[in-house]
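**Q** For reference, the structure I am asking about is given below.
The values are calculated or read from the model by the stated rules, or taken from the named source; none is laboratory data. Note that this is a predicted model, so its numbers are computed, not measured. Glycine gets a Cβ as well: all are built from the backbone with ideal geometry, and neighbour counts include every protein chain shown.
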Amino acid sequence: MSHSFSSDLKNRLQWSLFSLRLGVFIVMLMWTLDKFVNPGHSARIFEHFYGISGSTDVVAYILGALQLILVLAFMAGIKKRITYGLIFLMHGASTLSSYGQYIDGFNNLLFFAAWPMWAACFALYLLRDEDVKFTVKS
């Protein structure tokens, strides 16, 4: 393999991983901000999809703050094994907890978008050492 081909491939891989990270970040950021903008929505989601009732606005704010720290660290590429792993697990729990929506798939088509995003999270976790574009050097 020639040096220029190898260099070009590495550059393409880094841009590809950055685009995946940015896409996952945008979705996760919106889910995080929703906890601050509409904490009642978070309570309904916890109850409907996770069977956790009694969530308050304060709980949504605390979870939102923790999630915001995680999502920003993920986007910055800080402690990738931990942050990329937690994002993968978090999104996986969300994807799998929505199993009821998949049964009536044609009336819940948007829920299927969770699967390629979960695959992107998995790819980012596996290739985390190669994902260096616009990350904090640690």
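**Q** Of the conditions (1) within 11 Å of the chain's Cα centre (by Cα); (2) small (Gly, Ala, Ser); (3) surrounded by fewer than 18 Cβ atoms within 10 Å (Cβ to Cβ), Gly105 satisfies every one except a single condition; which number is it?
**A** Gly105 satisfies every listed condition except (1).
**Q** Which count do you get for residues in segment 37-59 that are under 26 Å from Ala120 (Cα atoms) and either modelled with pLDDT of 90 or more or of a type in the set (A, V, I, L, M) (or both)?
**A** Qualifying residue count, segment 37-59: 1.
**Q** Hey, can you tell me all the residues within segment 79-89 that are among the hydrophobic types (A, V, I, L, M, F, W, C) and surrounded by fewer than 16 Cβ atoms within 10 Å (Cβ to Cβ)? Spell out the reasoning first.
**A** From segment 79-89, those among the hydrophobic types (A, V, I, L, M, F, W, C) are 82, 86-89; that's our starting set.
Result: Ile82, Leu89.
**Q** Would you be able to say whether some residue in segment 71-82 is farther than 23 Å from Arg128 by Cβ and among the aliphatic types (A, V, I, L, M)?
**A** No, segment 71-82 contains no residue that is farther than 23 Å from Arg128 by Cβ and among the aliphatic types (A, V, I, L, M).
**Q** Looking at segment 117-130, I want the residues that are more than 13 Å from Leu22 (Cα to Cα) and have a partner that is polar (S, T, N, Q) and modelled with pLDDT of 95 or more with Cβ atoms under 6 Å, at least 6 apart or on another chain. Which pairs are those?
**A** Filtered contacts from segment 117-130: Trp118/Thr95.
**Q** If you go through segment 97-138, how many residues are within 30 Å of Arg44 (Cβ to Cβ) and touching a Leu at 6+ places or on another chain (Cβ under 7 Å)?
**A** Quick first cut of segment 97-138, residues within 30 Å of Arg44 (Cβ to Cβ) only: 97-122, 124-125.
Add one more test, that the residue is touching a Leu at 6+ places or on another chain (Cβ under 7 Å), and what stays is 120, 124.
Of the residues in segment 97-138, 2 are within 30 Å of Arg44 (Cβ to Cβ) and touching a Leu at 6+ places or on another chain (Cβ under 7 Å).
**Q** To continue, here is another question. From the list Ala93, Ala60, Ala76, pick out the single residue that is surrounded by 12 or more Cβ atoms within 10 Å (Cβ to Cβ) and in contact (Cβ under 8 Å) with a residue 60 or more places away in the chain.
**A** When all the criteria are applied, what remains is Ala76.
**Q** Of all residues in segment 37-56, which are assigned to a helix (DSSP H, G or I) and surrounded by 15 or more Cβ atoms within 10 Å (Cβ to Cβ)? Step through it out loud before you land on a result.
**A** At the first step, the residues of segment 37-56 found to be assigned to a helix (DSSP H, G or I) are 37, 39-50.
Once the filter is applied, which keeps residues that are assigned to a helix (DSSP H, G or I) and surrounded by 15 or more Cβ atoms within 10 Å (Cβ to Cβ), segment 37-56 yields Pro39, Ser42, Ala43, Ile45, Phe46, Phe49.
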